[in-house]
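The values are calculated or read from the model by the stated rules, or taken from the named source; none is laboratory data. Quick caveat, the model's predicted, so the values are computed rather than measured. All Cβ positions, even for glycine, are placed from backbone atoms using ideal geometry, and neighbour counts span all protein chains on display.
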Ligand SMILES: Nc1ncnc2c1ncn2[C@@H]1O[C@H](COP(=O)(O)OP(=O)(O)OP(=O)(O)O)[C@@H](O)[C@H]1O
Ligand SMILES: [Mg+2]
């Protein structure tokens, strides 16, 4: 569904993405992991045309995103929901108004229908009580969850999550991860998740890609990922104390809970 | 693509002349971008009045531009008039021509000084705030979030601000002019013994409708220039918080220079007959 071909991005003199190619099929949960500052957020932004690649192409089905502009780009972007790393809420709108914005601007729903959907989305991320507060009045984790509610409130085909659970407490993080999984299953939405939480990524993703030093290190299923002999992958797994055995145990536990 | 998010050119390690050349290119690109942005914002004006939300937005911007700057404009307008009154009055008393004080103060205010000082105040009070606000929004991905929702940042953010500036700037210039004339009169009356009545008669008899219209036209242009320049600077913010500071600074400097230059050009166009 989404295809990146030899994506290269150079800012000034620094190469942030170097020949990154991958594709994500419909209905998949695709996780991107990697050390800080390797261009994960930049990759996501390329998928919706917020950055133009220095070279290489990005496709959504048969349409080229990386060269689209104007109405064509708008059409493409309408299919995406996007959770930004910092939440990116508008400061002068309340949480509920922020979440309502895509519905108000992109759909022709009635006011009470919008309100209902906004409340549902806020309920799903556990922010119902904060609906009338302003972004500056809530914590960073709450801002992120409000951003998540805004990303998923509208029916779209693909949702991009930039670190949905970083900065959240473990219990809320699990709720959010389950929410991502549930949305993906119920609505058949393709999800691309940038995350540092490798353990959870291994459990809920269909595929995992690791980027390091602006290159793709591995792009594999969770099982293959854990079994990989690649030095960087092993280092990354070690850092979070994940071994093949512990992964298998986690997986059993996880599947019991589903 | 008004929001670029990255430097257009890489100037690292280039020779001096190349850097100058690239900078010139960047300048022309900025001018072109500003013109495109202005046209897009102007074409979005009718839309602003259809939607309830955006109408509310325009009024709140007008409040920020028109009402919140009143204290500053009041002081600036009054003192500009007082300074003019004192300086011109002192010069005129040398030739025993104090009766023309009103005319001199009025003409310089209505034609030049009122739009000029209003423009400077607006660029310092409002333009800088616009650049900083939009710049912060770019850095925090809020503008990107709008773009993802297919909400044009120009329509949603620039148009209300530009509209508010364009509408309020002439009103504020008029207000500054009135206060300035009164200030000059007070100085003439208290310090130079020019009767207030005589001052006002002289002031009102010299001012033509043309002077008023050209003055207001000038301040309309200044309002638009401030809005466009500070929005563009805000949108081209790069590199985090320092970038926001730079954008704010540049927006004030560029608006200031353009106000001076365009002020001269408008005057030249309307007052120098061939
Ligand atoms: N607009 C920009 N202009 C110049 N350089 C940029 C820009 N945006 C990002 N970069 C650079 O690209 C690199 C990758 O940034 P990115 O935000 O994608 O990292 P990341 O992998 O998301 O890291 P993190 O896990 O900390 O979020 C950084 O070194 C950053 O300096
Ligand atoms: Mg990131």
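May I ask you to list the residues in the range A:33-71 that are within 15 Å of ligand 2 (Cβ to nearest atom) and on the phi > 0 side of the Ramachandran plot?
Listed by number, the residues that qualify are A:34, A:37, A:39.
Test of understanding: among A:149, A:173, which residue is within 14 Å of chain B (Cβ to nearest Cβ), part of a helix (DSSP H, G or I) and more than 16 Å from ligand 2 (Cβ to nearest atom)?
A:149
For residue A:139, all conditions in the list (1) within 22 Å of residue A:50 (Cβ to Cβ); (2) away from ligand 1 (no atom under 16 Å from the Cβ) hold save one; what is the number of the exception?
(1)
For the range B:141-198, which residues satisfy the criterion of being within 14 Å of another protein chain (Cβ to nearest Cβ), in contact (Cβ under 8 Å) with a residue 24 or more places away in the chain and not in a helix (DSSP H, G or I)?
Residue satisfying the conditions is B:152 alone.
Could you tell me whether residue B:259 is in a helix (DSSP H, G or I), free of Cβ contacts under 8 Å to residues at least 40 places away in the same chain and crowded, with 20+ Cβ neighbours inside 10 Å? Spell out the reasoning first.
Working: in a helix (DSSP H, G or I): yes; free of Cβ contacts under 8 Å to residues at least 40 places away in the same chain: no; crowded, with 20+ Cβ neighbours inside 10 Å: yes.
No, not satisfied.
From B:37, B:24, B:33, grab the single residue that is exposed (fewer than 14 other Cβ atoms within 10 Å of the Cβ) and under 26 Å from the mean Cα position of the chain (by Cα).
Just a single option satisfies the conditions, and that option is B:24.
Identify all residues within the range B:71-96 that are free of Cβ contacts under 8 Å to residues at least 12 places away in the same chain and surrounded by 12 or more Cβ atoms within 10 Å (Cβ to Cβ); write none if there are none.
B:75, B:83, B:87, B:91
Take the range A:193-222 and flag every residue that is within 16 Å of ligand 2 (Cβ to nearest atom), surrounded by fewer than 20 Cβ atoms within 10 Å (Cβ to Cβ) and under 14 Å from residue A:173 (Cβ atoms).
A:196
Looking at the range B:3-46, which of its residues are within 23 Å of residue A:92 (Cα to Cα) and either within 16 Å of ligand 2 (Cβ to nearest atom) or within 12 Å of chain A (Cβ to nearest Cβ) (or both)?
B:3, B:5
Is it true that some residue in the range B:118-126 is farther than 27 Å from residue B:271 by Cβ and free of Cβ contacts under 8 Å to residues at least 60 places away in the same chain?
Among the residues of the range B:118-126, at least one is farther than 27 Å from residue B:271 by Cβ and free of Cβ contacts under 8 Å to residues at least 60 places away in the same chain, which makes the answer yes.
Any idea which of A:28, A:64, A:5 is free of Cβ contacts under 8 Å to residues at least 12 places away in the same chain, touching a strand residue (DSSP E or B) at 6+ places or on another chain (Cβ under 9 Å) and either surrounded by fewer than 22 Cβ atoms within 10 Å (Cβ to Cβ) or closer than 21 Å to residue A:79 by Cβ (or both)?
Sole residue among the options that is free of Cβ contacts under 8 Å to residues at least 12 places away in the same chain, touching a strand residue (DSSP E or B) at 6+ places or on another chain (Cβ under 9 Å) and either surrounded by fewer than 22 Cβ atoms within 10 Å (Cβ to Cβ) or closer than 21 Å to residue A:79 by Cβ (or both): A:64.
State which residue is modelled with the lowest pLDDT when the search covers only the range A:234-247 and only residues that are within 25 Å of the chain's Cα centre (by Cα) and part of a helix (DSSP H, G or I).
A:247
Scan the range B:187-210 for residues that are closer than 25 Å to residue B:66 by Cβ and surrounded by fewer than 19 Cβ atoms within 10 Å (Cβ to Cβ) and jot them down.
B:209
With respect to residue A:105, determine if the residue is in contact with a helix residue (DSSP H, G or I) (Cβ under 9 Å, 6 or more places away or on another chain), away from ligand 2 (no atom under 16 Å from the Cβ), more than 24 Å from residue B:6 (Cα to Cα) and modelled with pLDDT of 90 or more.
The answer is no for residue A:105.
Given the condition in contact with a helix residue (DSSP H, G or I) (Cβ under 8 Å, 6 or more places away or on another chain) and exposed (fewer than 12 other Cβ atoms within 10 Å of the Cβ), answer yes or no: does some residue in the range B:49-61 qualify?
For the range B:49-61, residues in contact with a helix residue (DSSP H, G or I) (Cβ under 8 Å, 6 or more places away or on another chain) and exposed (fewer than 12 other Cβ atoms within 10 Å of the Cβ): present.
Going by what's in this entry, would residue A:99 be described as touching a strand residue (DSSP E or B) at 6+ places or on another chain (Cβ under 8 Å) and modelled with pLDDT of 90 or more?
No.
Does at least one position in the range A:152-169 carry a residue that is away from ligand 2 (no atom under 16 Å from the Cβ), part of a helix (DSSP H, G or I) and either within 20 Å of residue B:145 (Cβ to Cβ) or touching a residue at least 60 places away in the same chain (Cβ under 8 Å) (or both)?
Taking every residue of the range A:152-169 in turn, at least one turns out to be away from ligand 2 (no atom under 16 Å from the Cβ), part of a helix (DSSP H, G or I) and either within 20 Å of residue B:145 (Cβ to Cβ) or touching a residue at least 60 places away in the same chain (Cβ under 8 Å) (or both).
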